[in-house]
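Engineer: Next up is a structure, given as structure tokens.
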Amino acid sequence: MKIAMVGSGYVGLVSGACFADFGHDVVCIDKDPAKIESLQRGVMPIYEPGLAELVTSNAKSGRLSFTTDLAEGIAGAAAIFIAVGTPSRRGDGHADLSYVYAVAEEIGQTLVNDAVIVTKSTVPVGTGDEVERILSEAGLKVKFAVASNPEFLREGAAIGDFKRPDRIVIGTDDEWARSVMTEVYRPLFLNKAPILFTARRSSELIKYAANAFLAVKITFINEMADLCEKVGADVQDVSRGIGMDGRIGAKFLHAGPGYGGSCFPKDTLALLKTAEDYEAPTRIVEAVVKVNDARKRAMGRKVIEALGGIEAARGKKAALLGLTFKPQTDDMRDSPSIAIAQTLVDAGVEVTAYDPEGMDLARPLMPQVAMCDSAYAAIEGADATVIVTEWDAFRALDLARVKAAMNAPVLVDLRNVYDPAEVRAKGFAYSSVGRP
Ligand code: UDX
């Protein structure tokens, strides 16, 4: 089966490469000639474990190709996925759908065979109706249907998530579209991945509801962590204790510096906007957005506290280990490290940093932070070392070496990766999140 993927960004590229790996014939399309040219050379525009190998091997076998020409790319495709960006619109937080609609217009002008048009981009409820209207008004001579098929890929684990999904959600009322989509996902069907067919609007909302719910879980445990610090409880135990209840579930209950990334911050805002437009306010999500925003700067203040308070901190040096919003990615979007660094800089603290993948994208976001070549270079002479992102490389630091390199042995562990007793036994003043 031929599949076209319009948009070769994170989602389009991972999905396209995985479909090709399943044996489909996939063309990835993008307007950016530099991106297409580098993909043709096997150079990835993003960092994602396993992606380069997957792209290269499928390109070599002839099942995966790249083009900037949409008309050529979609010709003969039974399913055309729209996987372009839907960034937060400046000013109001609404998802900016201009790229999605521009692709729909172009498909309307160039489609020459029957095809199912599938929105994979995260789009607000009702976007599928609008895409359908655009295509209808284009006066197409061929049969088409519009379906919704949201992605649930985690950065850093995207290929595994695609190939072994908890579920596949497909939103359409059209029998023919249903059969085409069943064919698209047949290889996963054989692996017993559950496919949930719903109405298109339900499918569109499922994506936002899922991300918002996960953001709620994280924010809930983060607030419990703050409470733990006040009452002398341990949030790791609280998390384990509630997570063992099957109704709650153990995942996404890890307390930390607040969620970031390309999805949760943007999608929670877009959901609020939809809820407002339809006069069905989602107060819980409103609170989550506010609490999470405030948390990032609060983590900066936690570091200032560890440096001895606002007076003492001025002129001292803090080393940030990890800058990306989570490990295994170079993505800096809405990373807590940005607000943490700014809070420290505002307080007159000198800030150094090291991140295995994120420093190039971080540099312009935190111009006053000195980027270093290694974790040990960053902590040289520091008055506090702060673990901001739980990269594996920071899980087993040589603490004796760390202590010797630092000006004062202060460790602020915002991801709870170390055992407090062990670190304190090595002579560190240690603080973490939600633990006594
Ligand atoms: C998320 C969703 O998981 C995915 O299904 C969706 O398609 C896109 O958004 P992603 O943003 O890649 O994926 O990362 P995820 O692993 O979900 O983490 C998001 C943020 O939450 C990170 O900042 C992470 O550090 C934080 N987080 C996650 C926690 O603080 N605690 C947790 O227990 C889990």
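The values are calculated or read from the model by the stated rules, or taken from the named source; none is laboratory data. This structure is a prediction, so every number in the text was calculated from the model and none was measured. Cβ atoms come from the backbone with ideal geometry, glycine included; neighbour counts cover every protein chain shown.
Engineer: Just to verify a result, which residue in the stretch 250-262, among those that are hydrophobic (A, V, I, L, M, F, W, C) and surrounded by fewer than 23 Cβ atoms within 10 Å (Cβ to Cβ), is farthest from V386 (Cα to Cα)? Give the derivation first.
Structural biologist: At the first step, the residues of the stretch 250-262 found to be hydrophobic (A, V, I, L, M, F, W, C) are 250, 252-253, 255.
Filter once more, keeping what is surrounded by fewer than 23 Cβ atoms within 10 Å (Cβ to Cβ): 250, 252-253.
Details: A250: 26, F252: 22, L253: 21 Å.
If we take residues in the stretch 250-262 being hydrophobic (A, V, I, L, M, F, W, C) and surrounded by fewer than 23 Cβ atoms within 10 Å (Cβ to Cβ), then A250 is farthest from V386 (Cα to Cα).
Engineer: On to the next question. Given the criteria β-branched (V, I, T), more than 14 Å from the ligand (Cβ to nearest atom) and under 30 Å from Y47 (Cα atoms), does T352 qualify?
Structural biologist: Values: β-branched (V, I, T): yes; more than 14 Å from the ligand (Cβ to nearest atom): yes; under 30 Å from Y47 (Cα atoms): yes.
Yes; evaluated as a whole, the condition is true for this residue.
Engineer: If you don't mind, there's one more thing I want to ask. Please give the strands (runs of 3 or more DSSP E) falling wholly within the stretch 346-436 in which 2 or more residues are touching a Pro at 6+ places or on another chain (Cβ under 8 Å) and either farther than 25 Å from D237 by Cβ or hydroxyl-bearing (S, T, Y) (or both).
Structural biologist: Details: elements: 350-354, 384-387, 410-413, 429-432.
So the answer is 429-432.
Engineer: Here are some residues: D267, D293, D237, D245. Which one is in contact with a Phe, Trp or Tyr (Cβ under 7 Å, 6 or more places away or on another chain) and not aliphatic (A, V, I, L, M)? Write out each step before concluding.
Structural biologist: Values: D293 fails: in contact with a Phe, Trp or Tyr (Cβ under 7 Å, 6 or more places away or on another chain); D237 fails: in contact with a Phe, Trp or Tyr (Cβ under 7 Å, 6 or more places away or on another chain); D245 fails: in contact with a Phe, Trp or Tyr (Cβ under 7 Å, 6 or more places away or on another chain).
Of D267, D293, D237, D245, the one residue that is in contact with a Phe, Trp or Tyr (Cβ under 7 Å, 6 or more places away or on another chain) and not aliphatic (A, V, I, L, M) is D267.
Engineer: What is the one condition in (1) in contact (Cβ under 8 Å) with a residue 24 or more places away in the chain; (2) farther than 13 Å from Y259 by Cβ that G309 does not satisfy?
Structural biologist: Going through (1) in contact (Cβ under 8 Å) with a residue 24 or more places away in the chain; (2) farther than 13 Å from Y259 by Cβ one by one, G309 breaks only (1).
Engineer: If you take the residues of the stretch 134-182 that are within 20 Å of V11 (Cβ to Cβ) and charged (D, E, K, R), which of them is surrounded by the most Cβ atoms within 10 Å (Cβ to Cβ)?
Structural biologist: Top of the filtered list is E155.
Engineer: Take the stretch 314-338 and flag every residue that is of a type in the set (K, R) and within 15 Å of the ligand (Cβ to nearest atom). Please lay out each step first, then the result.
Structural biologist: Of the residues in the stretch 314-338, the ones of a type in the set (K, R) are 314, 316-317, 326, 333.
Listed by number, the residues that qualify are K326, R333.
Engineer: Of all residues in the stretch 361-378, which are touching a residue at least 12 places away in the same chain (Cβ under 8 Å) and farther than 17 Å from Y47 by Cβ?
Structural biologist: As a first pass, look at the stretch 361-378 and keep what is touching a residue at least 12 places away in the same chain (Cβ under 8 Å): 361-362, 365-366, 368-378.
M366, Q368, V369, A370, C372, D373, S374, A375, Y376, A377, A378, listed by residue number.
Engineer: Assess whether I36 counts as being farther than 23 Å from I134 by Cα and in the same structural domain as F162 (by TED's automatic domain parsing).
Structural biologist: Working: farther than 23 Å from I134 by Cα: yes; in the same structural domain as F162 (by TED's automatic domain parsing): yes.
Yes.
Engineer: Still on this model: Got at least one residue in the stretch 202-210 being within 12 Å of the ligand (Cβ to nearest atom), in contact with an Asp or Glu (Cβ under 8 Å, 6 or more places away or on another chain) and either of a type outside the set (A, V, I, L, M, F, W, C) or under 30 Å from D413 (Cα atoms) (or both)?
Structural biologist: Within the stretch 202-210, one or more residues are within 12 Å of the ligand (Cβ to nearest atom), in contact with an Asp or Glu (Cβ under 8 Å, 6 or more places away or on another chain) and either of a type outside the set (A, V, I, L, M, F, W, C) or under 30 Å from D413 (Cα atoms) (or both).
Engineer: Please pick out the residue among L188, L272, L214 that is surrounded by 17 or more Cβ atoms within 10 Å (Cβ to Cβ), within 11 Å of the ligand (Cβ to nearest atom) and of a type in the set (A, V, I, L, M, F, W, C).
Structural biologist: On the way: L188 fails: within 11 Å of the ligand (Cβ to nearest atom); L272 fails: within 11 Å of the ligand (Cβ to nearest atom).
Result: L214 is the single residue among L188, L272, L214 that is surrounded by 17 or more Cβ atoms within 10 Å (Cβ to Cβ), within 11 Å of the ligand (Cβ to nearest atom) and of a type in the set (A, V, I, L, M, F, W, C).
So that you can scan it fast, the table gives a plain yes or no per residue for (1) farther than 16 Å from L205 by Cα; (2) at pLDDT below 95; (3) within 13 Å of the ligand (Cβ to nearest atom):
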site: L227; (1), (2), (3): yes, no, no
site: K230; (1), (2), (3): yes, no, no
site: Q236; (1), (2), (3): yes, no, yes
site: G246; (1), (2), (3): yes, no, no
site: G249; (1), (2), (3): yes, no, yes
site: P257; (1), (2), (3): yes, no, yes
site: F264; (1), (2), (3): no, no, yes
site: D267; (1), (2), (3): no, yes, yes
site: V289; (1), (2), (3): yes, no, no
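Engineer: A follow-up question, please. Within the stretch 351-371, how many residues turn out to be crowded, with 24+ Cβ neighbours inside 10 Å and either acidic (D, E) or in the same structural domain as M44 (by TED's automatic domain parsing) (or both)?
Structural biologist: 1
Engineer: Can I ask one more? Looking at (1) assigned to a helix (DSSP H, G or I); (2) under 30 Å from L272 (Cβ atoms); (3) away from the ligand (no atom under 16 Å from the Cβ), can you tell me which one F197 breaks?
Structural biologist: (1)
Engineer: Just give me the residues in the stretch 1-36 being touching a Ser or Thr at 6+ places or on another chain (Cβ under 9 Å) and over 22 Å from E183 (Cβ atoms), in sequence order.
Structural biologist: Y10, D30, K31, D32, P33, K35, I36
Engineer: If you don't mind, another one. Any chance you could count how many residues in the stretch 79-105 are of a type in the set (D, E) and free of Cβ contacts under 8 Å to residues at least 40 places away in the same chain? Can you show your working first?
Structural biologist: Keep residues of the stretch 79-105 that are of a type in the set (D, E), which gives 92, 96, 105.
With free of Cβ contacts under 8 Å to residues at least 40 places away in the same chain added as a condition, the list becomes 96, 105.
Looking only at that region, the number is 2.
Engineer: Pairs only if they're at least six apart or on different chains, beta carbon under 6 angstrom, first in the stretch 210-229 and among the hydroxyl-bearing types (S, T, Y), second within 11 Å of the ligand (Cβ to nearest atom); list them, first residue then second.
Structural biologist: T219/N292
Engineer: Same structure, new question: For the stretch 31-146, list the strands (runs of 3 or more DSSP E) that sit wholly inside it and hold at least 3 residues that are within 25 Å of the chain's Cα centre (by Cα); which are they? Walk me through it before giving the result.
Structural biologist: Values: elements: 64-67, 79-82, 115-119.
Where strands (runs of 3 or more DSSP E) fall fully within the stretch 31-146 and carry at least 3 residues being within 25 Å of the chain's Cα centre (by Cα), they are 79-82, 115-119.
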